[in-house]
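There's a structure below that I have some questions on.
The values are calculated or read from the model by the stated rules, or taken from the named source; none is laboratory data. For clarity, every value in this text was computed on a predicted model and none was experimentally measured. Cβ coordinates were reconstructed from backbone atoms using ideal geometry, including for glycine residues, and neighbour counts include every protein chain displayed. We work out accessible area using only protein heavy atoms, side chains counted, and drop any ligands, DNA or RNA first. Shrake-Rupley method; radii C 1.70, N 1.55, O 1.52, S 1.80 Å.
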Amino acid sequence: MLRKAKPGDDHPLQRYRWWQLFSRSLFHLRQDGIAGVSEIWSVDVRHGGDSNGEVRALLYLDGRNHSRSKLPAAFRIPGGTIEVATSSYGLKRCHYVADDGTVRMLEPDPASAEGRRARLDHTRPALSRSIGVVSFVVLVIALVLGVPQIIEDITRIPPVADAVGTFISPFHLPAWANISLVVAGLVASTERTLRMRYNWILDGGLFDGDD
């Protein structure tokens, strides 16, 4: 359920720093305001959370904090709504939904990890597509090989085994292979998140409880 935003405190938007590549997402929306003057709306998400560990989305208008919200967030702006949601690996949605129903993704800040990935897609599209295909294949392999082993481990728990029996996985990989599979899956899901690609089965929603 999307959360309603609360008013901001007008503090300035901080510049994106290189060491924030995997801890911060920053996106922008440029459009004409009601008076015909160009506006820049910016969404800033710090994935490590605030001092209380709460991850929030902050909305800025022309570099000043306009509003804030817990996630998933819905920021109402002139002409539509900016929707923001996260997955286990970063943002899975940062889109502007206009009142006429059209939807478009906000532009990632050029200095951000998402911005650098978008630049690769623009400058070297063939390489970008290849990386995307590899990420998808890695996650499919991890799902096919990993989930049966997880199910077997769960059904070996005595109360579960008594209730439903024990499932025997057709795959039994050595520990080093399973660790490599987990690491590869994390890298693949992170790469997909940088392109705002999300599938509830492949990218963790199956275990996060996403619909």
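So in the chain, what percent of DSSP beta bridges are antiparallel if you round to the nearest 5? Walk me through the numbers on the way to the answer.
Values: 41 of 43 bridges.
If I count the DSSP bridges inside the chain, around 95 percent turn out antiparallel.
Which value, in Å² rounded to 10, gives the accessible area of residue 88 with a 1.4 Å probe and all protein chains present?
Result for residue 88: roughly 70 Å² accessible.
Output the peptides 23-31, 156-164, 59-67 sorted from most to least packed, where packing is the average of other Cβ atoms within 10 Å over each peptide's residues. Mind showing how you got there, number by number?
Working: 23-31: 19.6, 156-164: 10.3, 59-67: 17.4.
Descending mean neighbour count gives 23-31, 59-67, 156-164.
For mean projected area of the Cα convex hull in nm², which listed value, (i) 11.5; (ii) 16.6; (iii) 15.5, comes from the coordinates shown?
It is the value labelled (iii).
List the GluC sites (Glu not before Pro) in the range 22-113 that DSSP assigns to loop (not H, G, I, E or B) and whose Cβ has at most 11 other Cβ atoms within 10 Å. Which are they?
Values: sites: 39, 54, 83; in loops: 54.
Answer in residue order: 54.
Another question about this same structure. Measuring from label point to label point, each 7 Å out along Cα→Cβ, what is the residue 180 to residue 161 span in nm?
Computed distance between label sites residue 180 and residue 161 equals 3.0 nm.
What is the distance in Å between the Cα centroid of the range 1-62 and that of the range 117-169?
The range 1-62 and the range 117-169 have Cα centres separated by 32 Å.
For residue 47, put the label point 7 Å out on the Cα→Cβ axis and report which residues of the range 129-164 keep their amide N under 20 Å from it.
Within reach of a label on residue 47: 131-140, 142-143.
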